[in-house]
Each structure stands twice: as structure tokens, then as C-alpha cells.
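The values are calculated or read from the model by the stated rules, or taken from the named source; none is laboratory data. Every value quoted in this text rests on a predicted model; they were computed, and no experiment measured them. We place every Cβ from the backbone using ideal geometry, glycine too, and count neighbours over all the protein chains shown. Surface accessibility is based on the protein's heavy atoms, side chains included, excluding ligands, DNA and RNA. Shrake-Rupley method; radii C 1.70, N 1.55, O 1.52, S 1.80 Å.
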Amino acid sequence: MKIAFFDTKPYDLTYFEPLGKEAGISFKFFETKLNENTVSLAKGCDGVCAFVNDTVNAKVIDTLIHMGIRILALRCAGFNNVDIRHASGKITVVRVPAYSPYAVAEHAMALLLTSIRRIHKAYIRTRDYNFSLNNMVGFDLHGKTVGIVGTGKIGRVFADICKGFGMKILAYDKYPADIESVTYVTMDRLLRESDIISLHCPLTEETRHLINYDTLGILKKGVVIINTSRGGLINAEALLEGIKSRRVGAACLDVYEEEGDLFYEDNSNHILEDDVLARLISMPNVIVTSHQAFLTSDALYNIAETTVHNLISFKETGKCENEVVL
């Protein structure tokens with residue numbers, strides 16, 4: 001098989017090249033993202049491998065089909081960047097449903113601890129031999145209430161971590177599970193009672209802008225919001241307003257709604273034109289990482305292994321257990 005691989009990063013080569021070679025798959029790596037302007041690069045290939053910020057709309061899908069491409073392999077769990085309805089019955093879309101829930105959940109807790117204990121600020125200070133503790137007061141996690149939105153694999157691992165800190169755990173999920181020490185409540189109650197809110201749900205029309213101007217009004221004053229899922233779960237302008245009004249005490253963001261043309265790229269020599277993101281980053285109580293929660297060696301290997309398995313399964317049987325279906 002010959003697969004056009006879009007939005008390639010150096011770490012992708014490390015894991016996909018050897019596994020692909022073993023499986024008889026030839027990856028054609030492109031640094032550019034997949035979109036209407038670049039889809040033609042996949043001409044002559046049997047399939048396409050895409051990532052979270054690639055744009056797979058109806059026009060891209062039609063072009064892929066016209067070129068004879070029958071499979072789109074997403075090397076991620078989410079598929080909100082793909083027009084699944086338009087793809088249905090025309091091209092097979094497969095994904096990596098689970099690669100390492102520990103990687104994402106641990107990153108969420110790392111962001112939380114860094115924020116509330118001012119570790120990032122302490123690092124900068126001590127690099128300048130400034131050992132003052134002024135304005136470095138944090139708070140204990142023990143005894144605090146954490147609200148977890150979405151209790152899939154990642155949400156459950158995060159709940160286990162929070163349990164280890166002695167936190168009271170509230171959760172909301174359309175499909176509650178029997179999880180020890182987790183109390184399922186309504187979304188309204190979760191928003192009202194949580195000292196910390198961590199988002200671990202997929203981005204759908206139902207969850208888009210789950211944190212918005214209306215919900216900000218019922219949040220507990222000083223709440224810490226963590227998002228390692230999808231940027232669209234939060235209305236960024238509303239979040240900024242919540243931080244300015246002191247309703248939100250801190251925000252830990254690994255994702256951002258308009259990250260597509262920014263994250264994974266070095267923009268340090270450019271003026272950031274996204275004013276909302278620039279203002280969020282400038283806030284002393286906001287930490288932004290560049291959609292890196294998944295980035296561990298364990299997760300990267302699992303992503304490559306599952307993606308290769310998906311491609312081989314499709315080639316040999318025309319089917320795949322990880323196909324995205326409506």
C-alpha cells in the first residue's frame with residue numbers, strides 16, 4: 001500500500017517508518033496539512049493518513065474518491081474535522097480510538113499542578129536566582145471537588161488520579177458508568193459545585209461551546225478549567241471574559257478552538273494575529289500547551305501500530321473494527 005501522510009512531524013517518522021516497512025506500507029510523508037489546496041498530493045496513493053488539524057470536508061472527500069482513494073486513516077481518536085456524513089458509504093474512515101489514556105490524563109494533572117502551585121513561575125524565577133515566595137501561594141487538591149465532563153477511558157484515568165489526591169469527584173456523561181468514588185450529577189450541578197472542571201468529552205454539536213457566556217454565570221467563583229480534549233468545547237472569548245471578571249481562577253489549555261493554523265508550528269518570529277489567544281497567553285493564570293497531551297513515546301508507538309493495523313485490516317478484508325460509522 002502507498003499512503004499519503006499529511007501534517008508530518010519528525011516524531012511521526014520515528015514510529016511510522018519502521019512499522020510501515022514491516023507491514024509492507026509505503027508512507028509518502030508531507031509536512032503540509034491536508035485541505036482543499038493540498039489534497040492533490042495524494043494522487044497515485046491507495047489511502048490517506050490525516051491528523052487532528054487536517055481539513056477533510058466534502059470537497060476534499062470528493063477529490064479523494066475521484067482519485068480512487070478508498071480509505072482515510074485518522075491517527076487520532078477524534079474525527080470532528082471530517083465530514084463523516086458526506087464520507088458515509090463513499091470512503092472508509094478509520095481512527096485510533098485509544099492510544100494512551102494515561103498520557104492525556106497525566107498531562108491534564110500536570111497542567112493543574114503546574115498552575116495551582118505556580119511551578120512554571122518558580123522555574124522562571126529561580127533561573128534568575130530569584131528565590132522570593134511572594135505571590136506564589138497555591139492551594140491543596142485534597143478535599144477539593146473536581147468535575148469531570150466525559151468518563152471514557154481518559155476521563156476514568158483522570159478520575160483515578162484525582163482519587164489518589166483525595167478529591168471529591170463529580171462527573172457528567174450521557175452514558176454513566178459504574179466507577180468507584182465517582183458521583184454522577186447533572187451538568188448544572190457539576191458546573192455550580194466544582195472547584196476544578198476537566199473536559200474529557202468529544203466535540204459534537206451538543207458539546208460545542210460547553211463553556212460559554214451562560215455557563216460562566218453559574219460557575220463557582222475561582223474555578224480552574226482544564227481542557228485537553230478539543231478546543232471547540234470552550235468559547236474562548238467567553239473564557240477570556242471569565243478570567244478578566246475573576247469568575248475563572250485559572251485555565252489550563254492544551255487545545256484551542258482556532259488552533260489549526262497555529263499549533264505545531266513555530267510562530268515565535270511572527271506577530272500572533274489571533275488576539276483572543278494572545279490575550280489568553282498573556283494572562284498570569286493561564287497555561288497553554290500546544291496540543292501535546294498525547295505526546296509520549298508510549299502513545300506515539302500505539303498510534304502508529306493501530307494505524308498500520310487499520311490499514312492492513314482494510315487491505316486484507318475491506319473492513320476494520322476501528323471504522324467510524326454514523
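Using the crude model of +1 on Lys and Arg Cβ and -1 on Asp and Glu Cβ, and no other charge, please compute the dipole size for the stretch 1-144 relative to its Cα centre, in debye to 20.
On the way: 18 positive and 13 negative charges, 48 e Å.
It comes to approximately 240 debye.
3J(HN,Hα) along the stretch 212-218: 9, 4, 5, 5, 4, x, 10 Hz, from the Karplus curve 6.51 cos²θ - 1.76 cosθ + 1.60 with θ = phi - 60°, whole Hz, x for Gly and Pro. Here the chain is assigned +1 on the Cβ of each Lys and Arg and -1 on the Cβ of each Asp and Glu. Its dipole about the Cα centre then comes out at about 600 debye. With the contact rule set at Cα under 8 Å and sequence spacing of 6 or more, what percent relative contact order holds for the chain? Result for the chain is 17 percent. In the chain, taking the dipole from charged Cβ atoms about the Cα centre, the farthest positive-side position among ALA171, PRO18, ALA58 is held by ALA171. Along the charge dipole of the stretch 40-157, pointing to its positive end and built from +1/-1 on Cβ of Lys, Arg, Asp and Glu, which listed residue (VAL96, ILE69, LEU111) has its Cα farthest out? Sorting the options by dipole projection puts first LEU111. The helix-based estimate of mean residue ellipticity at 222 nm for the chain, built from -39,500 (n - 2.57) per DSSP H run of four or more residues and divided by its residue count, is -10500 deg cm²/dmol to the nearest 500. My understanding is that a pair violates if its Cα-Cα distance is over 29 Å; which of LYS28/LYS59; LYS9/LYS174; LYS153/LYS319; LYS43/LYS153; LYS144/LYS244 do that in this structure? Too far apart for the 29 Å limit: LYS9/LYS174; LYS43/LYS153.
Of the listed peptides 226-236, 70-80, what is their order by residue-averaged count of other C-beta atoms within 10 Å, with the highest listed first?
Numbers: 226-236: 23.8, 70-80: 20.5.
Packing order, densest peptide first, comes out as 226-236, 70-80.
Rounded to the nearest Hz, the phi-derived 3J(HN,Hα) couplings of the stretch 301-318 under the Karplus curve 6.51 cos²θ - 1.76 cosθ + 1.60 (θ = phi - 60°) are 5, 5, 4, 5, 4, 5, 4, 4, 4, 4, 5, 5, 4, 5, 4, 7, 10, x, where x marks glycine and proline. The charge dipole of the stretch 172-278, taken about its Cα centre with unit charges on the Cβ of Lys, Arg, Asp and Glu (plus for the first two, minus for the last two), comes to roughly 720 debye.
Taking the protein heavy atoms of the chain in the context of the full set of protein chains, the accessible area attributed to carbon and sulfur is 50 percent at 1.4 Å. Taken one residue at a time, the phi angles of the stretch 57-64 give Karplus couplings (6.51, -1.76, 1.60, θ = phi - 60°) of 8, 4, 5, 5, 4, 4, 5, 4 Hz. Gly and Pro are set to x.
Once C-alpha pairs closer than 8 Å and six or more residues apart are averaged by separation and normalised to the residue number of the stretch 30-162, the relative contact order reads 19 percent.
List the relative contact order of the stretch 84-211 as a percent without decimals, with contacts defined as Cα pairs under 8 Å and 6+ residues apart.
This gives 24 percent for the stretch 84-211.
Relative to the dominant Cα principal axis of the chain, helix 101-116 is inclined by about 30°. Looking at ALA293, ASN135, SER198, which one has the Cα that reaches farthest to the positive end of the dipole of the chain (charges on Cβ: Lys, Arg +1; Asp, Glu -1)? After comparing all options, I get ASN135.
So, for the stretch 1-78, what is the accessible surface per residue at a probe of 1.4 Å, expressed in square angstrom?
Value returned for the stretch 1-78: 43 Å² of accessible area per residue.
Cross-link candidates for LYS90: which aspartates and glutamates have Cα within less than 17 Å, leaving aside residues fewer than 8 places away along the same chain? Hits, sequence-local ones excluded: ASP46, ASP62, GLU323. Here MET67 sits with roughly 50 square angstrom of accessible surface, probe radius 1.4 Å.
Straight-line cross-link reach from LYS121 at under 17 Å between alpha-carbon atoms covers no lysines, not counting any fewer than eight positions away in the same chain.
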